[in-house]
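The values are calculated or read from the model by the stated rules, or taken from the named source; none is laboratory data. Keep in mind the model is a prediction, meaning the values are calculated, not measured. Don't worry about glycine lacking a Cβ; one is built from the backbone with ideal geometry, like all the others, and counts go over all protein chains shown.
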Amino acid sequence: MPLVFQNVDLDALKLQDGQREGIEELRQMFVAELGGTNQDPNNPAYYERWKKAQSDVDSMLPGVIGGEAFMKMQSASADIESQPAPSP
């Protein structure tokens, strides 16, 4: 999953409005590169578009929000992923 779609608390990162807008633009760019929202995820071409779009938005993110914010966002995402799943 691209970092821009990770369940990270943007308020905790204290991002400025321009940084938040940049994240939203990258989210829209990702969806556009996939060809929209009504795609067949079982189609091999979809998977190839996904990989390219993920690489594109992940590589652009540090330039859009800045290196320090990018590192904080990566760290917050890693913290979320390392938490145990809630018990039923």
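Laid out as a table, the results:
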{"read-out": "Test set (1) touching a Ser or Thr at 6+ places or on another chain (Cβ under 9 Å); (2) modelled with pLDDT under 90 - Gln39 fails condition number", "value": "(1)"}
{"read-out": "Unique residue being under 21 Å from Ala78 (Cβ atoms) and assigned to a helix (DSSP H, G or I) when the list is Val4, Val8, Val31", "value": "Val4"}
